[in-house]
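The values are calculated or read from the model by the stated rules, or taken from the named source; none is laboratory data. From a predicted model like this one, the values you see are computed outputs, not experimental measurements. Here the Cβ positions follow ideal geometry from the backbone for every residue, glycine too, while neighbour counts run over all protein chains shown.
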Amino acid sequence: MKRLRGRTLITLILAGLLAVGLIYFCVQLVMKGNDWVGFFGSTYYDSGAIYDKNGVLLYDGESGEYAERQATRVSTLHLVGDRNFGTSLRSVLASRMTGYNPVTGTTLGSHDVTLTIDSKLNETAYAALNGHKGVVAVYDYTNGDVKCLVSAPSYDPKNPPKDVNENSAYEGVYLNRFFSGTYPPGSTFKLVTTAAAIEQKKDLADFRYTCTGSLKVGNDEITCPYVHGKNMDINQCLACSCNGAYATLALELGGDTLEKYMKDAGLLESRKVCDITTAKGSFVSQPKGSSNLAWSGVGQDKVLANPCGMLAFMGGIANGGEAVVPKLVEKETISGTPLPAAFPDGKDTFSIYRKETCEQLKTMLRNNVTVQYGQAQFGDLAVCAKSGTAEVGGGKQPHAWFVGFLDDPDHPLAFVVLVENGGGGASVAGSVAAKVLAQATAE
């Protein structure tokens, strides 16, 4: 009898453990089933297809085939991805493309995803980088639709290079620089310093600065590439991007104020773009009166910005203070049909500066193009922009930035161009922007 009771107890304990395990498995199935079918090793991983906004096939999960054109495959690699890219859409949209449902599993079939991207525009952007590493992105600042998103270097996923891990030309190839990269912003940061001055410096209209080519701060010198001129107002200082003037403003405003305005711009925050988490920028509030504080107001020192954050910031200025988070998915349908499989991705916004501040910045950015960069390279486009030449040290060429937007209700496009070690911002990155914007507005 004792032996029977002992066996019964053991049986009950085992049954209890089985029940607990079954309950745990069911809970995990409900919570993580979506992820399980999307794992790279899963039978269901390669399901569904990815198309650009015009119906161009970028990737077919069933056949494993990429786009027909090599230029399309190369310029969309960081978006579409292969097994080496954790931030690619094949990875982050895997659970959506399988069509998984907690009740029916995958029996209802896979889903196709149509992006907001124009693959032809991506091809143009990648070619315009001309072999340089960097980023080109364009989006509609009213609704967040990303029209173009390129990260370079890249390769053809149909014929991956055998020396990708040894060849310096592919350094950082697995990094989507738009989402995951951070860089010194150089003079593009002067927009943050300008916004702070507009809202905090009540006598800004009376501000004047005479540039001699350098400004002594402690034992350091804040230098300009050349002598910019005498008695310049804030509009002239931004247009010619005078480091001395902006160092002077930074010393007056203080590190805490600059950090606040960088945060208000959204440049210190991380965003979710189609389940991809963007990198945060950074700012170190330097001591009052220090040369480091002066350099930070110029966009150097320890200031870092993410290209995606910079794009949204430009859109926020264009939108009068409402920044729209970029989005990539236009629609999701049941594979092989036009039937919707999910609601469209919504519009996500955040506030930056006051509307009046953004209107003043917009006017100043337009002035930059007409008096400094030259309207001719942009044709009839009402481009509002700021260039940046960000020093990186180590004997390397500076990074070239060109950021801004079109002040045009028919083409509400914001853009960011970053050419790593490209040299001058306006000449190098500006020419890339001109080519991409010309095609983006040719429809």
- prompt: Can we say GLU443 is outside any strand (DSSP E or B) and modelled with pLDDT under 95?
  reply: yes
query: Of the residues LEU328, LEU251, which is farther than 29 Å from LYS202 by Cβ and in contact (Cβ under 8 Å) with a residue 12 or more places away in the chain?
result: LEU328
- prompt: Going by the structure shown, is PHE350 under 17 Å from the mean Cα position of the chain (by Cα), surrounded by fewer than 24 Cβ atoms within 10 Å (Cβ to Cβ) and within 22 Å of THR194 (Cα to Cα)?
  reply: yes
- prompt: Restricting attention to the range 153-163, which residues are more than 24 Å from the chain's Cα centre (by Cα) and free of Cβ contacts under 8 Å to residues at least 60 places away in the same chain?
  reply: ASN159, PRO161, LYS162, ASP163
message: So, LEU406, is that one in contact (Cβ under 8 Å) with a residue 12 or more places away in the chain and closer than 16 Å to PHE313 by Cβ or not?
response: yes
Selection within the range 89-119 - in a loop (DSSP other than H, G, I, E, B) and either in contact with a Lys or Arg (Cβ under 8 Å, 6 or more places away or on another chain) or at pLDDT 90 or above (or both): THR116, ILE117, ASP118
task: Check whether at least one residue in the range 303-321 is farther than 26 Å from LEU175 by Cα and touching a Pro at 6+ places or on another chain (Cβ under 9 Å), and report yes or no.
output: yes
- line: Residues in the range 164-184 that are hydrophobic (A, V, I, L, M, F, W, C) and free of Cβ contacts under 8 Å to residues at least 12 places away in the same chain total 1
task: Scan the range 210-259 for residues that are surrounded by 15 or more Cβ atoms within 10 Å (Cβ to Cβ) and of a type in the set (Phe, Trp, Tyr) and jot them down.
output: TYR246
message: Going residue by residue through the range 356-377, is there one that turns out to be under 23 Å from the mean Cα position of the chain (by Cα), modelled with pLDDT of 95 or more, surrounded by fewer than 24 Cβ atoms within 10 Å (Cβ to Cβ) and under 22 Å from ASN122 (Cβ atoms)?
response: no
field: Among (1) in a helix (DSSP H, G or I); (2) more than 18 Å from the chain's Cα centre (by Cα); (3) of a type outside the set (Phe, Trp, Tyr) - the single one THR333 does not satisfy
entry: (1)
task: Check whether at least one residue in the range 322-344 is at pLDDT 95 or above, buried (at least 18 other Cβ atoms within 10 Å of the Cβ), touching a helix residue (DSSP H, G or I) at 6+ places or on another chain (Cβ under 6 Å) and of a type outside the set (A, V, I, L, M), and report yes or no.
output: no
message: Taking the criterion of being part of a loop (DSSP other than H, G, I, E, B), out of contact with any strand residue (DSSP E or B) (no Cβ under 6 Å at 6 or more places or on another chain) and over 25 Å from SER351 (Cα atoms), would at least one residue in the range 245-261 satisfy it?
response: no
- request: Might you check whether a residue that is more than 20 Å from the chain's Cα centre (by Cα) and over 21 Å from GLY144 (Cβ atoms) occurs anywhere in the range 406-424?
  value: yes
- prompt: Counting residues that are modelled with pLDDT of 95 or more and closer than 29 Å to ALA434 by Cβ, which strands (runs of 3 or more DSSP E) fully inside the range 134-237 reach at least 2?
  reply: 134-140, 146-152
- prompt: In this structure, is ALA137 within 17 Å of CYS274 (Cβ to Cβ), among the small types (Gly, Ala, Ser), within 15 Å of the chain's Cα centre (by Cα) and surrounded by 23 or more Cβ atoms within 10 Å (Cβ to Cβ)?
  reply: yes
field: Scope the range 53-72; condition surrounded by 14 or more Cβ atoms within 10 Å (Cβ to Cβ), hydroxyl-bearing (Ser, Thr, Tyr) and outside any strand (DSSP E or B); matching residues
entry: THR72
The range 275-315: number of residues that are out of contact with any strand residue (DSSP E or B) (no Cβ under 6 Å at 6 or more places or on another chain) and either surrounded by 24 or more Cβ atoms within 10 Å (Cβ to Cβ) or not in a strand (DSSP E or B) (or both): 28
